[in-house]
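> Please find one structure pasted underneath; my questions will follow.
Every read-out reported here was derived from the displayed coordinates using simple, explicitly stated rules and does not represent laboratory data. In this text the structure is predicted, and so the values were computed from the model without any measurement. Virtual Cβ from ideal backbone geometry, glycine too; neighbours counted across all protein chains shown.
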Amino acid sequence: MDSDQLLVLYGQMAVIRRTEKAAYDMFMAGLVKGTTHLASGQEAVAVGASAALHPDDYVFATYRGHHHAMARGATPEECLAELMSRATGLCKAKGGSMHLTKAVSGMLGSYAIVGSHLPMAAGAAWSAKLRGTDQVAVAFFGDGATNIGAFHEALNLAAVWKLPVLFVCENNLYMEYTPISAVTPVPNPAADRAGAYGIPAEVIDGNDVVVVYEAVSKAAERARAGEGPTIVEAQTYRHYGHSRADPAKYRPAEEVERWMKHDPLDIARARLEALGVDQEAIAGADAEAKRIVDEAVDAAKNAPAPDLAEAFTDVWADGGAAWRT
Amino acid sequence: MADLTYREAVAEGIAREMRRDPTVVCLGEDIGPAEGVFKTTVGLFNEFGPERIWDTPISEQAIVGAAMGAAMTGLRPVAEIMFSDFLACCWDYLANEIPKVRYMTGGQVTVPLVVRTANGGGLGFGAQHSQAVENWAFTVPGLKIVAPSTPADVIGLMAAAIRSDDPVVFFEHKGLFASSGPRPPEGHVVELGQAAVVREGSDVTVVALASTVPMALAAADQLSTEDISVEVVDLRCLIPLDMRTVLASLERTSKLVVVEENPYQGGWGATVVSIVADEGFQLLDAPIKRVAGANVPLPFADDLEKQVIPTVDKLTDAVRALAAY
């Protein structure tokens with residue numbers, strides 16, 4: 001990856017980091033209701049993977065999906081407006097933090113039932129195969145999803161039908177509050193299951209955007225060549241707790257410290273410096289990210305509330321909600 | 001034209017749509033060369049081949065989840081869940097994913113799929129292969145629900161279901177597979193949500209669905225010898241629910257019996273009668289009766305099963321009581 005492309009990815013990660021911080025701050029200020037599952041610390045997985053995909057590829061994500069939506073073209077303004085229940089939100093304020101979706105750019109949803117979207121991604125890949133396109137589908141999921149039935153059913157189906165699908169696990173070491181290692185008999189919860197389905201797997205540093213980009217590029221190439229699914233297990237760490245109410249006190253201090261020193265933005269910055277990119281350019285990307293997110297916060301705050309009639313739209317394809325005569 | 005059976009109508013209905021629309025594909029357990037455990041996919045694999053008729057593993061979540069992903073990306077999948085009892089294995093998709101994704105994304109995606117399933121009892125299959133579970137689907141906003149009673153309706157409603165841009169759960173009644181009726185002409189489509197008055201009468205309206213339609217017609221025949229004139233309404237669909245036809249019938253008869261195979265507890269008839277009580281109270285000259293499945297698991301022995309599901313005798317008793325009221 002050349003320095004220009006890396007600088008772009010760095011900028012995207014910086015925007016996501018600042019958007020998540022803004023979401024956190026607005027939650028604490030009472031401007032965001034419900035819950036949020038912030039992806040700070042996991043930006044490199046979304047950004048590196050998306051950089052490896054084509055614009056018409058499909059992405060399915062989880063309730064911790066802000067970074068995936070933004071990596072696939074959702075703007076911070078659309079995302080924050082959705083979190084703040086505004087009419088201009090990505091899903092017209094009908095989805096919320098856990099369901100960010102940007103279908104026009106192939107980001108087909110964030111699903112809040114753990115593991116449910118892996119079969120969907122397999123189905124989108126099946127569809128691409130049947131329609132004869134070279135599209136691939138990607139399911140991003142957490143380590144906790146590897147112990148639910150849908151994960152195993154999806155892997156088996158994808159393998160036996162040789163589907164162009166990538167299963168990208170963001171292993172952040174914790175399901176919600178419990179370490180994944182406490183409830184899983186193998187050290188790599190996604191990759192170590194791959195052998196049972198004859199699927200190749202790779203465990204990578206999910207905090208290094210270049211490493212993610214390379215692993216996903218290789219997996220996507222395999223998929224487009226008709227060689228079937230790949231599992232990429234990206235080791236990463238969340239900077240916040242599981243959800244907004246969780247201070248994550250269950251995590252040992254030295255573990256937190258070790259991972260905070262292994263920050264995706266720092267790693268990308270070091271790579272940029274090694275490639276000879278000057279400090280000014282990096283600072284410029286940071287300043288641009290700050291500007292984008294500051295403006296997004298203002299725009300979202302000033303956006304109107306949804307029209308109340310929207311409660312009764314979008315149930316059916318005709319736009320309505322009629323269920324009887 | 002020669003008659004055809006209900007089971008043949010299922011395959012014929014699917015085949016007609018597959019001939020006119022290359023995006024229609026089928027997936028399910030044993031639907032390919034084996035032609036379905038109920039022989040409802042006879043001829044499809046032969047005519048359309050493995051590119052459009054896909055045998056799956058016994059993985060209900062993968063079947064319906066993949067159908068959802070494919071439906072979101074340009075195909076019109078028809079997924080078979082062998083016995084409707086097994087819908088419980090993939091209920092996440094029917095309850096949380098398929099009916100909600102359009103709404104929670106603010107209308108960004110469309111899910112044009114059909115989930116077909118063999119429903120209902122009377123064949124002595126015991127507690128886990130005999131249930132009438134149309135009321136399960138009826139509890140979920142966002143699903144259309146079809147349950148035909150004749151071969152012609154199977155074909156006409158299958159056409160409408162597959163062409164629908166909304167998700168449809170299509171209940172095929174096991175007890176009707178061997179029944180036969182006229183083969184409808186090519187191009188036969190029965191719009192979703194249009195009930196049929198299948199027998200006119202003046203004393204009592206019987207609202208029925210799927211297996212209870214022939215039951216109601218048999219009861220009406222029997223009661224006609226007692227000078228009781230029964231009007232039979234075949235709802236055909238639960239969503240959209242054609243209450244206009246039910247209320248119009250009550251204008252003629254003033255008395256209502258609802259006969260439903262699903263359990264009394266939470267059965268669809270409860271919603272029908274609640275609407276009548278609310279909007280048609282002034283039409284009624286008698287209390288409303290519901291003949292429904294008993295609130296017990298389904299027993300194995302034929303004589304025991306008859307105790308707990310609707311029968312012609314139970315229905316005639318209910319109608320007689322109302323006629324005499």
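> Using only alpha carbon pairs under 8 Å that are at least six residues apart, calculate the relative contact order of segment A:3-306 and give it in whole percent.
25
> What shape does segment A:76-214 have by the C-alpha gyration tensor, where a ≥ b ≥ c are the square roots of the eigenvalues, rounded means a/c under 1.5, and otherwise prolate means a/b greater than b/c and oblate the rest?
Working: a/c = 1.87, a/b = 1.27, b/c = 1.47.
Oblate shape, in that a/c is at least 1.5 and b/c is the bigger or equal ratio.
> Each residue of segment A:181-186 in order: what ³J(HN,Hα) in whole Hz does its phi give by Karplus 6.51 cos²θ - 1.76 cosθ + 1.60, θ = phi - 60°, with x for Gly and Pro?
Listing the rounded values in order: 5, 6, 10, 9, x, 10 Hz.
> Moving on. Sequence neighbours fewer than 8 away in the same chain don't count; with that in mind, list the lysines whose C-alpha is under 18 Å from B:Lys39.
Partners within reach: B:Lys174.
> Separate question: Along the charge dipole of the protein assembly as shown, Cβ charges K/R +1 and D/E -1, which of A:Ala44, B:Leu176, A:Ala289 sits furthest on the positive end?
A:Ala289
> Does segment A:3-306 come out rounded, prolate or oblate, given a ≥ b ≥ c as the square roots of the eigenvalues of its C-alpha gyration tensor, rounded meaning a/c under 1.5 and, failing that, prolate meaning a/b above b/c?
rounded
> Percent relative contact order of segment B:46-194, based on C-alpha pairs within less than 8 angstrom and at least six residues apart?
On the way: 243 pairs, mean separation 34.6, N = 149.
Relative contact order of segment B:46-194: 23 percent.
> Using Cβ contacts closer than 10 Å as the measure, can you line up A:Ser116, B:Ser164 from fewest to most? Write out the running numbers ahead of the final one.
Details: A:Ser116 27, B:Ser164 19.
Ranking A:Ser116, B:Ser164 by Cβ neighbours within 10 Å, fewest first, gives B:Ser164, A:Ser116.
> Moving on to the next point. Obtain the nm distance between the two label points defined at B:Asp313 and A:Glu295 by a simple spin-label model: each point lies 7 Å from its Cα along the Cα-to-C-beta direction.
For the pair B:Asp313/A:Glu295, the computed spacing is 7.9 nm.
> Answer rounded, prolate or oblate for the protein assembly as shown, using the Cα gyration tensor with square roots of eigenvalues a ≥ b ≥ c: rounded when a/c is under 1.5, else prolate when a/b is larger than b/c, else oblate.
Because a/c hits 1.5 or more and a/b exceeds b/c, the protein assembly as shown counts as prolate.
> Take every residue in peptide B:239-249, count the Cβ atoms of other chains within 10 Å of its Cβ, and give the average of those counts.
That works out to 2 on average.
> How much FRET efficiency would the formula 1/(1 + (r/R0)^6) give for A:Asp266 and B:Ala218, where r is the Cβ-Cβ distance and R0 is 56 Å, rounded to 0.05?
Computed FRET efficiency for A:Asp266 and B:Ala218: 0.15.
> Would you calculate, for chain B, the mean residue ellipticity at 222 nm contributed by helices, counting each DSSP H stretch of 4 or more residues as -39,500 (n - 2.57) and dividing by all residues, to the nearest 500?
-10000 deg cm²/dmol
> Based on other C-beta atoms within 10 Å, arrange B:Ser254, A:Ser181, A:Ser105, B:Ser130 from fewest to most.
Values: B:Ser254 19, A:Ser181 13, A:Ser105 16, B:Ser130 25.
Listing B:Ser254, A:Ser181, A:Ser105, B:Ser130 from fewest to most nearby Cβ atoms yields A:Ser181, A:Ser105, B:Ser254, B:Ser130.
> With each run of n ≥ 4 DSSP H residues scored as -39500 (n - 2.57), what mean residue ellipticity at 222 nm is computed for chain A after dividing by its residue count and rounding to the nearest 500 deg cm²/dmol?
Helix-only estimate at 222 nm: -13500 deg cm²/dmol.
> For segment A:3-306: lysine pairs with Cα atoms under 15 Å, gap of 8 or more or different chains, count?
7
> Exactly which trypsin sites (Lys or Arg not before Pro) in segment A:210-252 are in a DSSP loop and have at most 13 other Cβ atoms within 10 Å?
A:Lys249
> Another one. Suppose a student asked you for the relative contact order of chain B, using Cα pairs under 8 Å spaced at least 6 residues apart; what percent would you report?
Details: 730 pairs, mean separation 53.2, N = 325.
Here the relative contact order equals 16 percent.
> I would also like to ask the following. Just how large is the dipole of segment B:247-325 about the Cα centre, in debye to the nearest 20, putting +1 at every Lys and Arg Cβ and -1 at every Asp and Glu Cβ?
The dipole of segment B:247-325 has a size of about 200 debye.
> Which of the DSSP-defined H helices in chain A satisfy a minimum axial length of 24 Å, computed from C-alpha atoms, and a minimum mean Kyte-Doolittle hydropathy of -0.5? Before the final figure, lay out each step's value.
Numbers: long enough: A:3-28 (37 Å, 0.13); A:279-302 (34 Å, -0.37).
TM-like helix candidates: A:3-28, A:279-302.
> Still on this structure: At a 10 Å Cβ-Cβ cut-off, how would you order A:Leu31, B:Leu223, B:Leu256, fewest neighbours first?
Lowest count first: A:Leu31, B:Leu223, B:Leu256.
> What dipole magnitude, in Debye to the nearest 20, does chain B give about its Cα centre under +1 on Lys/Arg Cβ and -1 on Asp/Glu Cβ?
Here the size comes out at about 460 debye.
> I'd like to know which of A:Ala219, B:Leu256, B:Cys89 lies farthest towards the positive end of the charge dipole of the protein assembly as shown, counting +1 on Cβ of Lys and Arg and -1 on Cβ of Asp and Glu.
Result: B:Leu256.
> Further question: Can you tell me the 0 to 90 degree angle between the C-alpha axis of helix B:243-253 and the longest principal axis of chain B, rounded to 10?
So the inclination is approximately 20 degrees.
> List the aspartates and glutamates whose Cα lies under 12 Å from the Cα of B:Lys306, skipping any in the same chain that are fewer than 8 positions away.
B:Glu261
> To continue, here is another question. Nothing charged except the Cβ atoms of Lys and Arg (+1) and of Asp and Glu (-1): what's the magnitude of the dipole of segment A:200-325 about its Cα centre? Round to the nearest 20 debye.
380
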